[in-house]
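Quick notes on the structure that follows.
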Amino acid sequence: MNKNRLEAFSDGVFAIVITLLILNVKIPHTPYHDLLQALTAMLPAISAYILSFLLIGMYWVFHHNAFTHIAQVDGVLLWLNIILLLFISFLPFPAMLMGEYPFTTIPVVVYGCNLLLANGTGFIMFLYLMRNKSLATPAFSAKVMKIQLTTYITVNILYIIAIIIGFYKPTISLIIFAVMAVSLIVRSAVTTGIGHRKRH
């Protein structure tokens, strides 16, 4: 299968999911003199939206970068990618729960499990590509494999820790998710090049 079709389909899913997130943030129907209080009450939903937007954006960037190392797609990679999109598309639901029930255990744990399943599926895709290098481009070097392996393992371990902490201190779990998102975004920006421009 041509990988371009799969990339186009994936981009469409990411775009739809990241758009659906804003539907969880609803305009408050309240008299004007109560508007500030109503907006303050919406801060958990807005925070969940921002965190989820950044995380989905991060997954899209990593998905894009991953496919620069894939030359062609077989049936296994195809379905692993669809399963990954399943977990990505589910993210607005726990984000909505966190907005409705802020700083509580169940929404945070569900959110963390969703992230772990998404990242875990990406990890399985990476391992499959390592075992089937005929599907990979020459850019999928030993150095790239080592960096990605370390990143996946580290992120998955941190997700597991955050989920466990979520049963006792949900707020700390949310801080871990936020710090991880910012750290991975910064890392992505650095690795793809800051201030770099091709010379013609």
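The values are calculated or read from the model by the stated rules, or taken from the named source; none is laboratory data. Just so it is clear, the model here is predicted, and its values are computed rather than measured. We place every Cβ from the backbone using ideal geometry, glycine too, and count neighbours over all the protein chains shown.
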Criterion violated by Tyr168 - all others in (1) under 30 Å from Pro28 (Cβ atoms); (2) in a loop (DSSP other than H, G, I, E, B) satisfied: (1)
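Take Tyr59 and tell me if it is among the hydroxyl-bearing types (Ser, Thr, Tyr), closer than 18 Å to Val13 by Cβ and either in a helix (DSSP H, G or I) or touching a Gly at 6+ places or on another chain (Cβ under 7 Å) (or both).
Numbers: among the hydroxyl-bearing types (Ser, Thr, Tyr): yes; closer than 18 Å to Val13 by Cβ: yes; either in a helix (DSSP H, G or I) or touching a Gly at 6+ places or on another chain (Cβ under 7 Å) (or both): yes.
Yes: the conditions hold for Tyr59.
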Some residue of region 95-105 being of a type in the set (S, T, N, Q), crowded, with 17+ Cβ neighbours inside 10 Å, part of a helix (DSSP H, G or I) and at pLDDT 95 or above: no
Flag for Ala41 being in contact with an Asp or Glu (Cβ under 9 Å, 6 or more places away or on another chain), small (Gly, Ala, Ser), more than 20 Å from Leu117 (Cα to Cα) and touching a residue at least 12 places away in the same chain (Cβ under 8 Å): no
Pair list, Cβ under 6 Å, 6 or more apart: region 105-129 residue without any contact (Cβ under 8 Å) to a residue 60 or more places away in the chain and under 22 Å from Gln148 (Cβ atoms), other residue crowded, with 19+ Cβ neighbours inside 10 Å and hydroxyl-bearing (Ser, Thr, Tyr): Leu116/Tyr159; Phe123/Tyr152
